[in-house]
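Participant: Okay, here's the structure, questions in a sec.
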Amino acid sequence: MAKTSTTTQGLRAAIERSGYYPALVAEAVEAAIGGDTIRSYLVHQETTFDANEVRRHVTVLVLTGNRFIVSHTDEQNADTTSPTPYATTSTESVKLGRISSVVVSRVVANPESYTPGTLPREVVLTIGWGAVSRIDLEPAACGDPNCEADHGYTGNSTADDLSLRVSEAGDGPETVRQALAFAQSLSEATADVTR
């Protein structure tokens, strides 16, 4: 990356440590960041097993002064559209004022003896900005067990633009720490925008 700040160097080092097409990922993220200063970042590499194939995916989250940038890179095996393996990289830039929710779910072992500051076993970070929503519907009912009337449907609409899970066992304690730090930075930045 062209910039030389410590945070930018840390982001580049984290992308390189992920070992997942670092030149490709760094170029896409740098293009999305442009001239903005990086306030916080998180790099998460995930490996999944799909039948007889191993697939890798990397997500890079970057917080700048006025934007939240998310980058995804996936690899694909050769298929009918391409005779050689290929990777797809996408970036999305979201104005901080558009972020409607930052949800941090923490899983802790032995909650009865929890000590403040103890690292959670796992963290799920869910961020919503209105691009993707999930609707869960079910038939509505009344309290009468003998009622056969159609009461329509009831349900929930949930912002579900990004959900990222990190665990101490799978990703290591440092990645869990970074996820919590990024979530706090993003929460603070979105609160600053609404003031």
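The values are calculated or read from the model by the stated rules, or taken from the named source; none is laboratory data. For clarity, every value in this text was computed on a predicted model and none was experimentally measured. Heads up, the Cβs are rebuilt from the backbone with ideal geometry, glycines too, and the neighbour counts pull from every protein chain shown. Keep in mind that these areas ignore ligands, DNA and RNA; they rest on the heavy atoms of the full protein, side chains included. Shrake-Rupley method; radii C 1.70, N 1.55, O 1.52, S 1.80 Å.
Participant: Which peptide among 35-42, 58-65 comes first, and what is the full order, when sorted by highest mean count of other Cβ atoms within 10 Å?
Facilitator: 58-65, 35-42
Participant: So, with +1 on the Cβ of K and R and -1 on the Cβ of D and E, and no other charges, what is the size of the charge dipole of segment 1-90 about its Cα centre, to the nearest 20 debye?
Facilitator: Using Cβ point charges on Lys, Arg, Asp and Glu, segment 1-90 gives about 440 debye.
Participant: Just need the Rg to Rh number for segment 1-96, please, alpha carbons only, Kirkwood Rh.
Facilitator: Using Cα coordinates only, the ratio equals 1.02.
Participant: Would you mind calculating the relative contact order of the chain from Cα pairs under 8 angstrom and at least 6 residues apart, reporting the percent as a whole number?
Facilitator: 16
Participant: OK, next. Would you mind estimating how fast the chain diffuses translationally, via Stokes-Einstein at 37 °C and 0.692 mPa s with the Kirkwood radius over Cα pairs, in µm²/s?
Facilitator: 172
Participant: Mind checking the per residue accessible area of segment 1-96 for me, 1.4 Å probe, whole number of Å²?
Facilitator: 53
Participant: Of the heavy-atom accessible surface of the chain (probe 1.4 angstrom), what whole percent is carbon and sulfur?
Facilitator: Solvent-exposed carbon and sulfur of the chain make up 48 percent of the total.
Participant: Let me ask something additional. Can you classify segment 62-112 as rounded, prolate or oblate using the Cα gyration tensor, where a ≥ b ≥ c are the square roots of its eigenvalues, rounded means a/c under 1.5, and otherwise it's prolate if a/b beats b/c and oblate if not?
Facilitator: oblate
Participant: Can you compute the helix-only [θ] at 222 nm over the chain? Use -39500 (n - 2.57) per DSSP H run of at least 4 residues, normalise by all residues, nearest 500 deg cm²/dmol.
Facilitator: Result for the chain, helices only: -8000 deg cm²/dmol.
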